[in-house]
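Quick notes on the structure that follows.
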Amino acid sequence: MSFVDRNQENLLSKIATGNGHGENSPYFDGWKAFENDPFHASENPRGVIQMGLAENQLCFDLIQDWTKKNPKASICTPDGVDAFRDIAIFQDYHGLPEFRNAVAKFMTKVRGNRVRFDPNRIVMSGGATGAHETIVFCLANPGEAFLVPTPYYPGFDRDLRWRTGVQLLPVVCESSNNFKVTRKALEAAYESAQEANIRVKGLLLTNPSNPLGTVLDRETLRSIVSFINEKNIHLVSDEIYAATVFSEPGFVSISEIIEEEIICNRDLIHIVYSLSKDMGFPGFRVGIIYSYNDAVVHCSRKMSSFGLVSSQTQHLIASMLSDDEFVDRFIAESAKRLGKRHEVFTQGLDQVGIGYLKSNAGLFLWMDLHHLLKEQTFEAEMELWRVIINEVKLNVSPGSSFHCSEPGWFRVCFANMDDSTMDLALTRIVTFALQSKEVRIQRKKCWASNRLRLSFSKRRMDDIMMAQSLLSPHSPIPQSPLVRART
């Protein structure tokens, strides 16, 4: 460590000088590779295409059309400027009443109107990142832990751990059952924590899953609720991809499960939501905490002062989400376009024999490239990833950065680009797969040829050895050193 580094360490906090942010993950390294050589259709056509960012850009035309037709929704237009003063000075951390009402109504619509949300329990935060950190601050102390099924979003290592001091313990899920969360896996993770004398305070779920693009079924959710009730630990359900489900089976929220006739302490149930994925508004930083625990609602609302949604954004969102006709059309059209993009992408992979996990939600695909690994190790996965980044020029995210227990899986985002860029990205993947296949065929031919030669040489050697073994030890014909070693 240099003098400057030591001096900084003495001057600054452990957070400032530590690496708890998790930025040294290949997940973030991929972003840096893209930023250093970003693809542009005309200015940099050979640049890196960003397939590591889960953004929903497929329905911005609908958003733009609505904005043009509703200029009063913005206080920065001639039609909406009359509301500028009132909105500009509003700073109540409860949020605009019309904003909370609209968000609660939208959350209800996304869940098929099968469950209702109380606007008074809506707590806003600066995106899902802020919402997750706030809920962890409310539920756990430094050194305590949350169980998280793998594979899981790499940002959780930052969002939940960095400033809170909380640990994340993996619940290992495997491809043999399509990475399903089982009671056995939950119990194993919990028991391991107990043996290590780590206090488990909760379980974090992502439903629909990032990076798998799958939804949890009712039976699994009921089993999970039973588990957290027995252990008396919290359940945080991240449902930020709720409206990205584009085919059956449909999305089932944890809020629906606790309405059933099951034993459930509602004080243990909390939902994190956002408009970043379902609406495609990551820049608006609209994060939501919805807790069934009164104390958590009150505490998180006070803590939201550190990351409020701007009143201008609240005003716009309240107007947009209160438009029932628009919301219904947007939800339906978004699902339709996501489904189409998923279909196009998977058909391209099918043509060259690239496998993937069957999915019906999210903005990405969990792609299986284990057959392209030189060996079934995470080191080989990283070697392949570097080839894809540096030579194929695609930023895809390696499964190891999602804490996947098996090498060879990659998350590939498909909704953050236009059709022409998607076509190019798919062409690059297909070309790479075909080239890799040709290399494997040549290697097999070479291996088969070598094996034939070795087999022939072995037969000749065996014949020689057999013949020499019949000779007398006193024969004048010199014996092979191999024979001498055997006698």
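How much length is gained on full extension from residue 350 to residue 375, taking 0.36 nm per residue of separation minus their Cα-Cα distance? Walk me through the numbers on the way to the answer.
Working: separation 25, 0.36 × 25 = 9.00 nm, distance 2.30 nm.
Using 0.36 nm per residue and subtracting the Cα-Cα distance, I get 6.7 nm.
Using the heavy atoms of the protein chains and a 1.4 angstrom probe, tell me the accessible area per residue for the chain in square angstrom.
Details: 24070 Å² over 487 residues.
Per-residue value: 49 Å².
Sort 162, 366 by accessible area with a 1.4 Å probe, largest first.
Sorted by accessible area, descending: 162, 366.
Between residue 93 and residue 431, how high is the FRET efficiency from 1/(1 + (r/R0)^6) when r is the Cβ-Cβ distance and R₀ = 41 Å? Nearest 0.05. Write out the running numbers ahead of the final one.
Details: r = 52 Å, r/R0 = 1.28.
Once rounded, the FRET efficiency stands at 0.20.
What does the extension gain come out to for residue 115 and residue 382, with contour length at 0.36 nm per residue minus their alpha carbon separation?
Values: separation 267, 0.36 × 267 = 96.12 nm, distance 4.37 nm.
Between residue 115 and residue 382, full extension yields 91.7 nm more.
Given Cβ point charges of +1 (Lys, Arg) and -1 (Asp, Glu) and nothing else, what value in debye, to the nearest 20, does the dipole of the chain about its Cα centre take? Please report the intermediate quantities before stating the final value.
Values: 54 positive and 57 negative charges, 363 e Å.
Here the chain has a charge dipole of around 1740 debye.
Say the dipole of the chain comes from +1 at the beta carbon of Lys and Arg and -1 at that of Asp and Glu; which of 203, 126, 254 then lies farthest toward its positive end?
Of the listed residues, the answer is 203.
Any idea how far the Cα center of the range 281-315 sits from the one of the range 393-429, in Å?
If you average the Cα positions of each part, the centres end up 32 Å apart.
Working out 0.36 nm times the residue gap between residue 263 and residue 19, then minus their Cα-Cα distance, what length gain in nm do you get to one decimal?
Values: separation 244, 0.36 × 244 = 87.84 nm, distance 4.16 nm.
Gain on extension, residue 263 to residue 19, equals 83.7 nm.
For the chain, rounded, prolate or oblate, judged on the Cα gyration tensor with a ≥ b ≥ c (square roots of eigenvalues), a/c < 1.5 rounded, else prolate if a/b > b/c?
Details: a/c = 2.25, a/b = 1.84, b/c = 1.23.
Note, shape of the chain comes out prolate.
For the range 326-349 and the range 175-227, what is the separation of their C-alpha centers, rounded to whole Å?
28
Could you check how much of the accessible area of the chain is carbon and sulfur, as a whole percent, using a 1.4 Å probe? Intermediate values should be presented prior to the final figure.
Values: 12580 of 24070 Å².
Carbon plus sulfur share of accessible area: 52 percent.
Under a point spin-label approximation (7 Å from Cα along Cα-to-Cβ), what is the residue 84-residue 391 distance to one decimal in nm?
Here the answer is 5.7 nm between the modelled labels.
What distance in nm separates the two pseudo spin-label positions at residue 256 and residue 322, each 7 Å out from Cα along the beta-carbon direction?
So the two model labels end up 2.9 nm from each other.
Please go through the residue pairs 184/340; 201/277; 336/393 and name each one whose alpha carbons sit more than 31 Å apart in this structure. Can you show the working numbers first?
Numbers: 184/340 36 Å; 201/277 28 Å; 336/393 29 Å.
Among 184/340; 201/277; 336/393, the Cα-Cα distance tops 31 Å for 184/340.
Each residue of the range 165-176 in turn: what ³J(HN,Hα) in whole Hz from Karplus with 6.51, -1.76, 1.60 and θ = phi - 60°, glycine and Pro shown as x?
Whole-Hz 3J(HN,Hα) from phi for the range 165-176: x, 7, 9, 10, 10, x, 9, 6, 10, 10, 5, 4.
Name the aspartates and glutamates eligible as straight-distance cross-link partners of residue 109: C-alpha to C-alpha under 16 Å, and not fewer than 8 places from it in the same chain.
Counting by Cα, and skipping residues close in sequence, residue 109 has these aspartates and glutamates nearby: 118, 239, 256, 278, 323, 324, 325, 328, 333.
How much solvent-accessible surface does residue 423 expose, in Å² to the nearest 10, with a 1.4 Å probe and all protein chains in place?
90
Let me know the charge dipole size of the range 76-161 about its Cα centre in debye, to the nearest 20, where only the beta-carbon of Lys, Arg (+1) and Asp, Glu (-1) is charged. Write out the running numbers ahead of the final one.
Working: 10 positive and 10 negative charges, 95 e Å.
Using only the charged Cβ atoms, the result is roughly 460 debye.
Taking the 0 to 90 degree range and rounding to the nearest ten, how far is the long axis of helix 218-231 tilted relative to the main principal axis of the chain, both from C-alpha atoms?
The answer is roughly 80 degrees.
The values are calculated or read from the model by the stated rules, or taken from the named source; none is laboratory data. On a predicted model such as this, the values are computed, not experimentally measured, just so you know. Backbone-built Cβ (ideal geometry, glycine too); neighbour counts: all protein chains shown. Keep in mind that these areas ignore ligands, DNA and RNA; they rest on the heavy atoms of the full protein, side chains included. Shrake-Rupley method; radii C 1.70, N 1.55, O 1.52, S 1.80 Å.
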